[in-house]
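The values are calculated or read from the model by the stated rules, or taken from the named source; none is laboratory data. The structure displayed is predicted, hence computed values, not measured ones. Here the Cβ positions follow ideal geometry from the backbone for every residue, glycine too, while neighbour counts run over all protein chains shown. The accessibility values were calculated without ligands, DNA or RNA, using every heavy atom of the protein model including side chains. Shrake-Rupley method; radii C 1.70, N 1.55, O 1.52, S 1.80 Å.
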Amino acid sequence: MPLTTTARASRRSFLKHSLTVAAVVPLASRMAWAAERKLNIYNFDTYIGPTTLESFSKATGITTRYDLYADNAELFARLREGNPGYDVICPTNDTVERMILADLLVPLDHSKIPNLANLEPRFMDAAYDKGRKYSATYFWGTLGIGYRSDAVKAVLGEAPLDSWQYVYGADSAKFAGKIAWASDVSALIGCGLKMLGHSLNSTDEAALKQLEETLIANKKNVRTIAGDNGQELLLAGEVDLAIDFNGDIKQVSTEEPKITYVVPKEGGQLWEDSWCIAKGAANIAEAHEFINYILTPEVHADIAKEVGYALPNAKAKALMDAAYLADPIIFPSDEVVKVSEYAKYLSEEMSQKYTDIITRVRAA
Amino acid sequence: MGYSLWIALLTTLICLVIAYPVALVVAFAAPKWRPLLLLLVILPFWTNLLVRTYALKSVLGSSSPLSQLAEGIYKSVTGSETFPGLILNDLGVIIGLVYVHLPFMVLPLYTALEKLDRSYLEASLDLGASQWRTFFQVMVPLTLPAIIAGCIITFIPAFGALVTPALLGGTDSLMIGSLIEDQIKRANNWPLGSALSMLLVYATFLILALQSWLSERRARRTELRA
């Protein structure tokens, strides 16, 4: 018995010692880092140039830590419970709105980001962030239908795939078992509402009810509800039609030219991802420097070459080649932009309602 | 909830049916082969679950030879024109879960079978019982605790699976894990998400309590008999 007691005592004291050590180490290292300027970046995966961070560090002497999140929901859930130490983040427009309302963002000091002047005028104001007090646009794009042109031609002949009816409505029977919906509930519901002739952001009970019934009725034609991997399913040939973002489709279309993209005539979802500074950020000056650096024409253009999304940066666009600027997947036509809408952050109650609708559809 | 239960039960059952012969082969193999065979069982654990699930996706995807073989058989047997595919449906979820959880079932069975006193089997066979009878009336009862343990450690993770149904499932494959994720991440409804998680914890406790109650009863019965 004495053996066990000593063993236990020593384990406890070991724990105590290690706790002391654990408390001292970060303090000591924090002191060592005090002279060094740091920045913690939290961004979507595959959403930066291959050398951007390196050259940023070289240009400014700021060391960066770069973490990734899979979607806006993850970002929001992470920051809502208290900022774990991130300085700059890159939410999408409706999440920017949600974060402003939840008081999770620090206002930008425009005088410290002179490169904001490079942005096209339409990105200098936004409904979701009046006067762009909190956010600086990084890239923008649309949500539509990615599809395999050969498979669509085999079914529709020369007729264009131009309606959400083919993914949600009665026409989905023509592509039975070859459709992937998106798991992003606001995208799935918003585009469905567009098909039914409502606003993407409609909160009308009857419209939502009608959509739910439509989704349940046509679910049998749908192969799966894809997370962020609709483009992979298209590439693997599992599906012929997938609700997806233009950039995702752009990336696989370079591998498989038969894969292309359309925003249906009813209009799709427009989106903008913007750099913001998270509340509780320790390195606010560095965060401004970073945002300013990203908006430098050369830097922004280099990133665009890598990620293939649409630049909001007029001066960076001037550095891009004609193929990029004329690409219909990247830059939608003015008509498409006119009928499409930005997703609005509606309310916590509506987020719950959207999730409930999709849960009911899936369980039906 | 019902769907998760059903999928997890089916997974456990299939694992048991596959794992028992595997464990038998390993346990009754020549001693020099045993470490190698065990290694083969454990080897997949060295790779991350996500990577293995993605691998399954390409191995069973509709353009893979395996899937095309299955398609040919399916079409000629049922006469149907369309093949539902091996993945992106409930079948995919089951295949994925069985594949991932098989070692959990094999290992306890192997341990029990290895420790099993072979003289019981010899006695049974010598006394004229058939191979089947020896298996079902001697071997299975003697390894029952391991079967129960294996079923429990297969069932519990399968019940709360998240990655497998998300990657290999179809439109209906909404398991409780995904439901929790949706509530926490998308609806931002942490209370409901937490409540659902607690449900999983309760289910686990319930199963463990049941197991300990059963084993206690068994112990008491053998005590009485002795």
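For the range B:121-218, the fraction of C-alpha pairs farther apart than 24 angstrom is 48 percent.
Solvent-accessible area of A:Leu270, all protein chains in place: 10 Å² (probe radius 1.4 Å, heavy atoms, ligands and nucleic acids excluded). Spatially, the range A:111-156 and the range A:241-255 are offset by 16 Å when compared through their Cα centroids. Panel values: the range A:159-276, Kirkwood radius from alpha carbon pairs, Stokes-Einstein at 4 °C and 1.567 mPa s, translational diffusion coefficient 89 µm²/s. Amide hydrogen proximity for A:Ala182: with H placed 1.01 Å from N in the peptide plane, the residues at 5 or more positions away or on another chain lying under 5 Å are A:Ala226, A:Ile243.
The residues of the protein assembly as shown expose, per residue, 48 Å² of accessible area to a 1.4 Å probe.
Heavy atoms only, probe 1.4 Å: what % of the accessible area of the protein assembly as shown goes to carbon and sulfur, would you let me know? Roughly 64 percent, rounded to a whole number. Scalar couplings 3J(HN,Hα) for the range A:334-347, obtained by applying the Karplus form with A = 6.51, B = -1.76, C = 1.60 to θ = phi - 60°, are 4, 4, 4, 4, 5, 8, 8, 9, 7, 6, 9, 7, 8, 5 Hz; x denotes Gly and Pro. The heavy atoms of A:Lys279 offer some 90 square angstrom of accessible surface to a 1.4 angstrom probe.
Couplings 3J(HN,Hα) of the range B:46-61, computed from phi: 6, 9, 4, 3, 5, 5, 5, 5, 4, 4, 4, 4, 7, 5, 9, x Hz, in residue order, whole Hz [Karplus 6.51 cos²θ - 1.76 cosθ + 1.60, θ = phi - 60°; x for Gly and Pro].
Regarding the range A:250-293, what whole-number volume in Å³ per residue does the convex hull of its Cα atoms give?
Numbers: hull volume 5.9 nm³, N = 44.
Convex hull volume per residue, Cα atoms: 135 Å³.
Burial of accessible area (probe 1.4 Å, heavy atoms of protein chains only) in the range A:334-364, relative to its chain alone, reaches at least 30 Å² for A:Gln352, A:Thr355, A:Thr359, A:Arg362. Only protein heavy atoms count here; under a 1.4 Å probe, A:His198 has an accessible surface of about 60 Å². Remark: for residue pairs A:Lys38/A:Lys279; A:Lys153/A:Lys265; A:Lys174/B:Lys57; A:Lys130/B:Lys185; A:Lys305/A:Lys338; A:Lys209/B:Lys57, the C-alpha separation exceeds 23 Å in A:Lys174/B:Lys57; A:Lys130/B:Lys185; A:Lys305/A:Lys338; A:Lys209/B:Lys57.
Alpha carbon centre of the range A:163-189 versus the range B:9-67: separation in Å? So the separation of the two Cα centres works out to 36 Å. Hydrodynamic radius of chain A by the Kirkwood approach over all distinct alpha-carbon pairs: 22.4 Å.
Inter-chain neighbour count for B:162-173: the average number of beta-carbon atoms from partner chains within 10 Å of each residue's beta-carbon is 4. Shown here: the range B:2-225, whose C-alpha atoms stretch 60, 48, 35 Å along the first, second and third principal axes, sorted largest to smallest. If we count GluC sites (Glu not before Pro) as exposed when they sit in a DSSP loop and have at most 16 other beta carbons within 10 Å, what is the longest stretch of chain A that avoids them all? Longest site-free region, per DSSP loop and neighbour criteria: A:256-364. Each 10 Å bin from zero holds the following percent of Cα-Cα pairs in the range A:215-364: 9, 27, 35, 22, 7, 0. Based on the convex hull around the alpha carbon atoms, the range A:45-105 presents an average projected area of 4.7 nm². The C-alpha atoms of chain B define a longest principal axis, and helix B:144-159 lies at about 10 degrees to it. With the convex hull constructed from alpha-carbon coordinates only, the range B:165-226 shows a mean projected area of 6.1 nm² over all directions.
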